[in-house]
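Right, one structure below, let's go through it.
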Amino acid sequence: MLTGGDPMGREDLVEIVLRARQAGLHPSITLSAIPKVTFSIIQALKESGLGNWAFRLDGSSPAIHDRFRGIPGV
């Protein structure tokens, strides 16, 4: 499981997942719902072998989540 802080802060995240798959592991990830989570990074992680995903939601409504993250619209 790749989590803690936010794995999206790692520029080598795709490489980490790829190496884990090559080692016979089955990596999964927990991400924060932030602007760094783009279609292209999701596609790259999927192609590198990531199979299980989870997204942290930090509130019961969009307003609470956005206030917690400090980024409107996430």
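Anything in the range 53-71 that is β-branched (Val, Ile, Thr) and in a helix (DSSP H, G or I)? List them, or say none.
Here is the first cut: in the range 53-71, the residues β-branched (Val, Ile, Thr) are 64, 71.
Once the filter is applied, which keeps residues that are β-branched (Val, Ile, Thr) and in a helix (DSSP H, G or I), the range 53-71 yields only Ile64.
Looking only at residues of the range 27-74 that are of a type in the set (Val, Ile, Thr) and closer than 20 Å to Val17 by Cβ, we find that the one that is surrounded by the most Cβ atoms within 10 Å (Cβ to Cβ) is Ile29. The residue that is modelled with the lowest pLDDT, counting only those in the range 2-52 that are closer than 24 Å to Ile71 by Cβ, in a loop (DSSP other than H, G, I, E, B) and hydrophobic (A, V, I, L, M, F, W, C), is Ala33. Of all residues in the range 17-29, those that are closer than 21 Å to Phe55 by Cβ have Cβ atoms under 7 Å from Cβ atoms of residues that are of a type in the set (Val, Ile, Thr) and part of a helix (DSSP H, G or I), 6 or more apart or on another chain, in Pro27/Val17. Mind listing whichever residues of the range 10-25 are surrounded by 11 or more Cβ atoms within 10 Å (Cβ to Cβ) and not charged (D, E, K, R)? Hits for the range 10-25 are Leu13, Val14, Ile16, Val17, Leu18, Ala20, Leu25.
The values are calculated or read from the model by the stated rules, or taken from the named source; none is laboratory data. This one's a predicted model, so the numbers in the text were calculated from it and none came from an experiment. No Cβ is skipped: glycine too gets one built from the backbone with ideal geometry, and neighbour counts run over all protein chains shown.
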